[in-house]
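Q: Next up is a structure, given as structure tokens.
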Amino acid sequence: MPRPSTTTVRDLRKSNRSRALWQVFLNGPLTRQEVGSVAGLSPATVSNLVAALVAEGVVAEVGLEDSNGGRPRGLLQVNPGYGYVIGVDVGETAFLVELFDFGLQPLARHTSVTDMTVLDPEDAVRHIVQGIEAVIAEAGVPESALLGVGVGVPGLVENREAAVVHGQSIGWDAVPLEAMLHSRTGLPILVDNGAKTLGQAERWFGAARDTENAVIALLGIGVGLCIISNGEVYRGATSSAGEWGHTTVEVGGRACRCGAQGCLEAYVGAGAIVARHEQLDGRRAAAAPGELDTQIAAIIAARDRDQAAAQVLAETVTYLGAGIGGLVNLFNPERIVLGGWLGQALSDALLPEIRRAAGRQALRLPFSRAEIVKADLGQDAVALGGATLPIARLLTAGAMRAGSPGGRRRARSAVPAG
């Protein structure tokens, strides 16, 4: 029989701080009264914990709100200068590294492109570390002020003592990416699947912000999914939930990069679309991965005058609609968000057709309650979502760190009132 758990005063303080911080971060600026209301805390508790958070530099007062003739009430938001985070988007051909303040405003950005035809772990680590060093130098912040680095990667991420990446489609077999990065940098590292980091960014700031049940798709060379269930990212038993691109849409169909046949990715992934267009057009030139975005744009632009382009896009819409219809039937989401560079390109040109195709494959009742929309955050969303990983860890911990009675030392600069 399990022993009953004991809640200490420190546990309770951490929980209360965490609840308040989450609300201030996601919904601020808020008054103390609003923090207490949305976090379910008493006025006395809010007063005490806010005083501590302001003293530590985590939260700052940023102005006053009129209170119907009464005493003006202070507005609270997180202090952008409390610390900094880095988000990394590891693509199959390119890398994006961005540095953000604590309010997730971007301060520095670095991009690089690999010259390797298949993504190599050592090459990826080199690009990531060079990008981290570049954005730190550009922003001019000390490493001691960095709260952590969040990395979004293609493939399944298994969280052992350190994150291990399984990228079956790119030839990564249990790559110890977190340990490899730790050997090159002393910064705290968090690793997650890129579709999940994109989904978390859209959930916090974008097209899925006001939903409790949503699916956010990342469409690019690969096809991934972030599932939001009751307000939380659904991960499954081994954190591999959401591999939508490797669900079967045609038994015995086209060969997929993962080794199976008939996967959705083999019909709606960027490489598959370009290869199909070349087949219909009678050409045999292999598409270089780094050129897929321009080739997709050319196919979309030519759809009204090029029969092969029109046909491949019609096929893409049909298969994508079938995949979305399956998501509607399986997860009953409020909203389906189409993200990633390919998802945005297809949405801009074909969203009404995609909605109609999904409606033909979904059950009427759940489909009638679901929206299908374009993502809000653009091509930086995976990196932004990566930056949310250390932020989320800090908020959940109530900004309480070992060796400190309340949290981190007071930041050098706080947001001035007014």
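Q: If I stretch the segment between ALA310 and ALA162 completely, what's the gain in nm (0.36 nm per residue apart, minus their alpha carbon distance), one decimal?
A: 48.6 nm
Q: For a quick check: sort ILE227, ILE86 by the number of other beta carbons within 10 angstrom, fewest at the front.
A: ILE227, ILE86
Q: Would you mind checking the tilt of helix 340-361 against the longest principal axis of the Cα atoms of the chain, expressed as 0 to 90 degrees and rounded to 10?
A: Once rounded, one gets 70 degrees.
Q: Provide the per-residue ³J(HN,Hα) series for the range 258-267, in order, calculated from phi with Karplus coefficients 6.51, -1.76, 1.60 and θ = phi - 60°, each as a whole number of Hz, with x at glycine and proline positions.
A: 6, x, 8, 10, x, 5, 4, 4, 6, 10
Q: Consider the candidate values (i) 1.17; (ii) 1.01; (iii) 0.95; state which one is Rg/Rh (Cα atoms, Kirkwood Rh) computed from the structure displayed.
A: (ii)
Q: Further question: Sorting ARG283, ARG184 on the 10 Å Cβ count, fewest up front, what's the list?
A: In order of increasing Cβ crowding within 10 Å: ARG283, ARG184.
Q: For the range 21-157, what does the relative contact order come out to in percent, with C-alpha contacts under 8 Å and a separation of six or more?
A: 20
Q: Okay, moving on. How tilted is helix 292-301 with respect to the longest principal axis of the chain? Cα atoms for both, answer in degrees (0 to 90, nearest 10).
A: Its long axis makes an angle of about 70 degrees.
Q: Quick one: which residues, 5+ away or cross-chain, put their amide H under 5 Å from the amide H of ILE221? H built at 1.01 Å from N.
A: For ILE221, the qualifying residues are ALA270.
Q: Taking the highest mean first, how do the peptides 256-265, 374-383 order by number of other beta carbon atoms within 10 angstrom per residue?
A: Output ranking for 256-265, 374-383: 374-383, 256-265.
Q: At R0 = 41 Å, how high is the FRET efficiency between ARG393 and GLN33 if r is their beta carbon distance? Nearest 0.05 is fine.
A: Efficiency, from the Cβ-Cβ distance: 0.90.
Q: How high is the relative contact order of the chain, in percent, with contacts defined as C-alpha pairs under 8 Å that are six or more residues apart?
A: It rounds to 20 percent for the chain.
Q: Can you sort SER347, SER169, SER42 by how many other beta carbons sit within 10 Å, fewest first?
A: The most exposed by this proxy come first: SER42, SER347, SER169.
Q: Could you give the nm distance between label points at THR111 and LEU26, where each point is 7 Å from its Cα heading toward the beta carbon?
A: In this crude label model, THR111 to LEU26 measures out at 3.1 nm.
Q: Something else now. Enter the angle in degrees (range 0 to 90, nearest 10) between the Cα long axis of helix 121-139 and the first principal axis of the Cα atoms of the chain, meaning the one along which they spread out most.
A: Helix 121-139 sits at roughly 50 degrees to that axis.
Since every read-out is calculated from the coordinates, none of them should be taken as a lab result. Keep in mind it's a predicted model, so treat the numbers as computed, not measured. Every residue, glycine among them, receives a Cβ derived from its backbone with ideal geometry; neighbour counts consider all protein chains shown.
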